[in-house]
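Engineer: Sharing a structure, written as structure tokens. Questions coming.
What follows draws every value from the coordinates through simple rules; no lab data is involved. Note that this is a predicted model, so its numbers are computed, not measured. Cβ atoms come from the backbone with ideal geometry, glycine included; neighbour counts cover every protein chain shown.
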Amino acid sequence: MESKLPGVGTTIFTVMSQLAQQHGAINLSQGFPDFPCDPVLLQAVTQAMQDGHNQYAPMPGLPRLREVLARKLEAAYGQAYDPEHQITVTAGATQALYTAITALIQPGDEVLLFEPAYDSYGPAIRLNGGIEQRISLRPPQYAIDWTEVQRRVTPRTRLLILNNPNNPSTAMLSADDLQQLRTLLQQWPQLYVLSDEVYEHIVFDGAAHQSLARDPLLASRSMLVYSFGKTFHATGWKIGYCAGPADWMQEFRRVHQFLVFSVNTPMQHALANYLQTPAHYLALPAFYQAKRDRFVAAMVTSRFVLLPSRGTYFQLARYDRISDIPDTEFAQWLTREHGVAVIPLSAFHADGTDHGIIRFCFAKQDATLDAATSRLCRV
Ligand code: PMP
Ligand code: GLN
């Protein structure tokens, strides 16, 4: 059978998590917490089920949840989204991204994205007949060169994908980046933005997340994607949402209704209640910064060279003081021989280019981090 995704194997996250299991390694590869979510949230889900909220939710999401989300977006970024027409609840960010790409591009349209890039963007573009235009960003800052972006935009460029804060580079957009993006969008009226902001609440060192929703012009040209999995330590729930201009959201929902129709009901009820208390997510920067700092401090005596981690729950590291083998081999070797599983950065490059860099996930209990760093310091 002819593949629609030739050359695409099983995602690196599945591969490395399986390898970790096979070797009994500490899994710092796939990004997910190894600690439980808040019992208050769990109780709210149980309660919603017991209260009989077990049938289909409305197609765009529970109105009460969308209202809470509109208030949250406005409070955080100053932008008013109409919950009725501008917000849709999705089965995680992955489905939101896929749906937005499907709704927004036509076959032959060009899509600009930056490398290293989260692994779901490319396949979603190709399955929809789009043409990927990848721009490489360089360590350690992974900053966007807007002159290069200007050079790469053509009248066929329909979409620009941003991931801010970025997995895996941890780079965050600055106010100046937003200004550069404004200029670009003013110049190219056919150009839309898909802004993956799933790590919006995981930002460090006092930085403020520069959501595209902060700017009315950018907001009017962007689909924003969020995930409750990241924010509430529940990646297995696969629930998130998308916010954007009403006409695009109408197209988005046309696709959404035939991909999933609607998203699980009890969790939407629970989240609508739980989100009434912003304290839950406002505590995240300090919570994860403490984990980053613990990891970084413990790694000082290791031979790994850590890159800056500015947000997300990831940490990149060079290993050239240990080995010169390609990162995929190094990740496997580390898992097998030292009992710590990681992600090779080449997985975020379409051509698999090796940069001699691996990614650690520090969304782990302190005891897990301590056990992992003590092994890593012996490598
Ligand atoms: N975008 C990025 C940048 C991610 O890191 C992830 C998952 N870690 C997703 C999207 C997918 O999120 P979800 O699990 O909600 O589908
Ligand atoms: N986004 C997570 C990561 O970067 C993994 C998601 C997945 O396994 N598909 O590790």
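Engineer: Once you have the Cα-Cα distance between Gln365 and Ser174, take 0.36 nm times their residue separation minus that, and quote the gain in nm to one decimal.
Structural biologist: Using 0.36 nm per residue and subtracting the Cα-Cα distance, I get 65.7 nm.
Engineer: Provide the three semi-axes, in whole Å and in decreasing order, of the ellipsoid equivalent to the range 232-284 as defined by the square roots of 5 times the Cα gyration tensor eigenvalues.
Structural biologist: 25, 15, 10
Engineer: Let me ask something else. Order the peptides 120-129, 218-227, 291-300 from the highest to the lowest mean number of other Cβ atoms within 10 Å of their residues.
Structural biologist: 218-227, 120-129, 291-300
Engineer: Can you compute the modelled spin-label distance between Thr147 and Thr46, with each label point 7 Å from Cα toward Cβ, in nm?
Structural biologist: For the pair Thr147/Thr46, the computed spacing is 6.0 nm.
Engineer: Same structure, new question: On full extension of the chain, what length is gained from Arg64 through Gln106, given 0.36 nm per residue of separation minus the C-alpha to C-alpha distance?
Structural biologist: 11.8 nm
Engineer: When the dipole is taken about the Cα centre of the chain, and only Lys, Arg (+1) and Asp, Glu (-1) are charged at their Cβ, what size is it in debye, to the nearest 20?
Structural biologist: 200
Engineer: Are there any GluC sites (Glu not before Pro) in the range 1-93 that are in a DSSP loop and have at most 10 other Cβ atoms within 10 Å? List them by number.
Structural biologist: Passing sites in the range 1-93 are Glu2.
Engineer: Gain in length, Ser323 to Val296, computed as 0.36 nm per residue apart minus the alpha-carbon separation, to one decimal in nm?
Structural biologist: 7.7 nm
Engineer: Would you please put 274-281, 176-183, 249-256 in order of how densely packed they are, using the mean number of other Cβ atoms within 10 angstrom per residue and starting with the highest?
Structural biologist: Descending packing order for the listed peptides: 249-256, 176-183, 274-281.
Engineer: Ok, one more. Between rounded, prolate and oblate, where does the range 151-242 land on the alpha carbon gyration tensor, with a ≥ b ≥ c its root eigenvalues, rounded for a/c under 1.5, else prolate if a/b exceeds b/c?
Structural biologist: prolate
Engineer: So, in nm, how far is label Thr11 from label Ser374 when the simple model puts each one 7 Å beyond its Cα toward the Cβ?
Structural biologist: Each label point is offset 7 Å from its Cα along the Cβ direction, giving 3.3 nm.
Engineer: Taking the convex hull of the Cα atoms, report for the range 97-136 its projected area averaged over all directions, in nm².
Structural biologist: The directionally averaged projection comes out at 2.4 nm².
Engineer: Using the Cα atoms of the chain to build a convex hull, what is its mean projected area in square nanometres?
Structural biologist: 18.6
Engineer: Amide H to amide H under 5 Å from Val340: which residues, 5+ apart in sequence or cross-chain, H placed 1.01 Å off N in plane?
Structural biologist: When sequence neighbours closer than 5 places are left aside, the close amide H contacts are Ile26, Thr335.
Engineer: Could you run the Karplus curve 6.51 cos²θ - 1.76 cosθ + 1.60 with θ = phi - 60° over the range 126-134 and give me ³J(HN,Hα) per residue in whole Hz, x for Gly and Pro?
Structural biologist: Values, residue by residue: 5, 4, 9, x, x, 10, 6, 10, 9 Hz.
Engineer: Which value in nm describes the separation of the simple spin-label points at Glu251 and Arg336, placed 7 Å from the Cα toward the beta carbon?
Structural biologist: 4.8
Engineer: If you don't mind, there's one more thing I want to ask. Hey, what does the equivalent ellipsoid look like for the range 190-309, semi-axes from the Cα gyration tensor as sqrt of 5 times each eigenvalue, largest first, whole Å?
Structural biologist: They are 31, 19, 14 Å, listed largest first.
Engineer: Report P(r) for the range 184-230: all Cα-Cα distances, bin width 10 Å, range 0 to the bin holding the largest distance, values in whole percent.
Structural biologist: Once binned at 10 Å, the Cα pair distances of the range 184-230 give 25, 46, 24, 5.
Engineer: Rounded, prolate or oblate: which fits the range 250-379, taking a ≥ b ≥ c as square roots of the Cα gyration tensor eigenvalues, rounded meaning a/c under 1.5, else prolate when a/b beats b/c?
Structural biologist: Here the range 250-379 falls in the oblate category.
Engineer: For Leu259, project a label point 7 Å along Cα to C-beta. Then give me every residue of the range 135-164 with its amide nitrogen under 20 Å of that point.
Structural biologist: 158-164
Engineer: To the nearest Å, what is the center-to-center distance of the range 56-115 and the range 187-254, using C-alpha atoms only?
Structural biologist: The range 56-115 and the range 187-254 have Cα centres spaced 7 Å from each other.
Engineer: May I pose another question? Counting only pairs 8 or more residues apart or on different chains, how many lysine pairs in the chain have their Cα atoms under 29 Å apart?
Structural biologist: The result is 11.
Engineer: Quick one: which of 321-328, 166-173 comes out on top by average Cβ neighbours within 10 Å, and what's the full order, highest first?
Structural biologist: 166-173, 321-328
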